Amino acid sequence: MLKTPKDFVFDSIPSVQSDQYVITPGDLLQFRLYSNGGFSVIDITSGTSGSNGGNIAMARGLSVSYLVQNDGNVKIPILGETPITGKTILEAQSYLEELYSEFYVEPFLQLNVVNKRVIVFPGGGSNAQVVTLQNNTSTLLEVLAQVGGISQNSKASTIKVMRLIEGKEKREVYKIDLSKISGLPDGDMVILADDIIYVEPNANIAREVLQDISPIISLVSSTIVFYFSLRNLAN
């Protein structure tokens, strides 16, 4: 699975990595809105504002998410359909604060994307896992640690990170070698949402040979059984 030919040319790992996530369709946005520069909380579910209503909302652990639609808009309280895709988290916060300034005094907004995920194939017989990125600077080592690390049946020297770059039809494929201490800097590469991480398992030659010759063994066995069945009928 996800094998690359021997002459495959891997892409160069980006030397400059941004931790600024760009909002895309399908993202779930979660935010809190404050007025007076962050002094009082606004209950965005009921439209009330003030310290009492806001404190009640926070005490109850109120959490509301808003889906970014395929057309790039998100439907949020008061503002309604609002274009949001293509903006980083910080850009979106500033943009929404500006829009909410028509309704509140010195609005202050905290925004987060709660469904940033990556797919990890740990190799060595372990099952693939979908890992939610907890922050904007989750590294390759952190994500691998979340799935239990690299097993003895996997190649720490052959870890592939496949990343879809905006404007490109195919994913870029990076090869990371964590079998040596010199590979640690590459292990600190920032993992982005929708990345695919694949740890290549160790080759099991006996199993692969058995898989290749299994059809032949099955055919020979069937032929022998058929031969002796005919012989018994003849006798």
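The values are calculated or read from the model by the stated rules, or taken from the named source; none is laboratory data. Please read all numbers here as calculations on a predicted model, not as lab measurements. All Cβ positions, even for glycine, are placed from backbone atoms using ideal geometry, and neighbour counts span all protein chains on display. To get the accessible areas, we keep the full protein, side chains included, count just its heavy atoms, and leave off ligands, DNA and RNA. Shrake-Rupley method; radii C 1.70, N 1.55, O 1.52, S 1.80 Å.
Compared with the alpha-carbon gap, the fully stretched path from Ser218 to Gln134 is longer by 25.2 nm at 0.36 nm per residue. A crude spin-label estimate for the pair Leu28 and Asp177, with each label 7 Å from Cα along the Cβ direction, gives 4.1 nm.
Taking a quarter of the surface of the Cα convex hull of the stretch 60-195 gives a mean projected area of 11.4 nm². Placing a pseudo-label 7 Å from each Cα along the Cα-to-Cβ vector at Lys75 and Gln110 gives an inter-label distance of 2.7 nm.
For the stretch 148-202, the share of accessible area belonging to carbon and sulfur comes to 48 percent (1.4 Å probe, ligands and nucleic acids excluded).
Here the calculated FRET efficiency for Ile165 and Phe103, from their Cβ-Cβ distance with R0 = 41 Å, stands at 0.60, rounded to the nearest 0.05.
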